[in-house]
Amino acid sequence: MSKKPLILGIESSCDETAASLITENEQGIPVVLSNIVSSQVEIHKEFGGVVPELAARSHIEKIDWIVQKAIDDSGKKIEEIDAVASTAGPGLIVCLSVGLSFGKAFASALNIPFIAVNHLEGHALSPKLNSQLNYPYLLLLISGGHSQFLNVQSLGKYKRLGTTIDDALGEAFDKTAKLLGIEFPGGPQIEVLAKKGDPNKYNLPKPIFNKGGCNLSFAGLKTAILKITKNIKTDQEKFDLAASFQKTVEEILYKKTKIAFNDFEKQNNLKEKIFVVAGGVAANKKIRSMLINLCNEKNYKSIFPPIELCGDNAAMIAMVGLEKFKLKQFNNLDHPAKPRWPLDEKATFLKGAGVKF
Ligand code: KG4
Ligand code: ZN
């Protein structure tokens, strides 16, 4: 029986300090041995968003014991680890530097390979931690910093089909929550409030709904919600606005995903049609069930990571590390932290004004 790779993953790109050990079984299926995530929500709550300096300090304070706990919980010994995979971007540079430097030092001390991981690739491969998943697949990545449709052709080979031209979807959830007086990060709370509201009460805009292919836009929604919240007086009105916002997002994603399906099918000769949804917003049950129904309608197999692996974690970073380790794709110890690191390096930078469709 050959020794299976044992990979340590480290994540510190934003406000979660995380470490995980993963390996694979005899059938080559990944096995998560430990997955430790320490959230900084309490630190950033009073500021209504992530404060980079405070986030970096907290990563520095926690990283040693988080990694130690990940090793202890895995039941493995430190000298059994075969490689270290750290997030190198995209993210806040002061935060990335903590996990990246720690990973490099760890790999250097143990004299094992170091692997620099793209955080977005971590989200993209996260469903592999619990599902058999073959390339190519269509990925909808919806997180706090990104919203994009990607044609995932193989490890490291991504073709962007569409992206947001302004806010990310998680950002839109968080900003809507803030306008409704919900503490940061309010995205998951919107889902809770929406259950008590009337989704048809407010008619909200759907920016670039009928143009721009499968590109997305959410900034106009936030402006409309700002206007409505000025006249909101009762809790019921808040619930109704949360429900109307969520329903509008569902309608936008339904339409844009259908367009992405067509674009994906044109680019690939498909034996099997697979749709993967990842990133923090993939934890939203209402959005999940709408997308599952759409997949059933269009003969796609839908794959979601388990809820606990939708948000930022190090198991997904170790997952990319495992695949790269098997292909001997290692990095030098001078690999830089990359605050901006698109998965599709060729895709044009759409964010900002002046985008014409
Ligand atoms: O992937 P993630 O943990 O971090 C980034 O890489 O950005 O995503 C975090 C985002 C936040 O904006 C959060 O509000 C949103 O995901 N989110 C949700 C839900 N759970 C997390 N948005 C809507 N519904 C949820 N249940
Ligand atoms: Zn993330």
Radius of gyration, Dmax [the stretch 134-304; alpha carbons; angstrom]: 16.2, 54
In the stretch 134-304 the DSSP beta bridges are antiparallel at a rate, in percent to nearest 5, of 60
Relative packing of 221-234, 140-153, 271-284, 295-308, which averages over residues the other C-beta atoms within 10 Å, highest first: 140-153, 271-284, 295-308, 221-234
In whole percent, what relative contact order does the stretch 160-202 give with Cα contacts below 8 Å and a gap of six or more residues? 25
Ranked packing of 251-264, 8-21, most packed first, by mean Cβ within 10 Å: 8-21, 251-264
Square roots of five times the C-alpha gyration tensor eigenvalues of the chain, ordered largest first and given in whole Å, equal 34, 24, 18
About the Cα centre, charge dipole magnitude for the stretch 13-94 (Lys/Arg +1, Asp/Glu -1 at Cβ), debye: 160
Which of GLN27, LEU294, GLY103, positive extreme of dipole for the chain (C-beta unit charges): LEU294
Heavy-atom accessible area per residue, the stretch 34-124, 1.4 Å probe: how many Å²? 41
Report Rg/Rh for the stretch 210-357, rounded to two decimals, where Rg is the Cα radius of gyration and Rh the Kirkwood radius. 1.02
Would you work out the charge dipole size for the stretch 198-357 about its Cα centre, treating the Cβ of every Lys and Arg as +1 and the Cβ of every Asp and Glu as -1, and quote it to the nearest 20 debye? 400
Does the stretch 151-197 come out rounded, prolate or oblate by the C-alpha gyration tensor, with a ≥ b ≥ c the root eigenvalues, rounded set by a/c under 1.5 and, if not, prolate when a/b is larger than b/c and oblate if not? prolate
Counting only protein heavy atoms and a 1.4 Å probe, tell me what percentage of the stretch 134-304's accessible area is made up of carbon and sulfur. 49
Using mean Cβ contacts within 10 Å as the protection proxy, how do 320-327, 193-200 order, highest first? 320-327, 193-200
Semi-axes of the equivalent ellipsoid for the stretch 30-175, please: Cα gyration tensor eigenvalues, times 5, square-rooted, ordered largest first, whole Å. 27, 23, 14
Largest first, how would HIS335, HIS44 line up by accessible area (1.4 Å probe)? HIS335, HIS44
Which Cα, out of ILE60, THR87, ALA283, lies furthest along the positive dipole direction of the chain (beta carbon charges, K/R +1, D/E -1)? ALA283
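The values are calculated or read from the model by the stated rules, or taken from the named source; none is laboratory data. Since we're looking at a predicted model, the values are computed, not measured. Here the Cβ is made from the backbone with ideal geometry for all residues, glycine too, and neighbour counts use every protein chain on show. The protein model used for the area step is the full one, side chains on, heavy atoms only, and it has no ligands, DNA or RNA in it. Shrake-Rupley method; radii C 1.70, N 1.55, O 1.52, S 1.80 Å.
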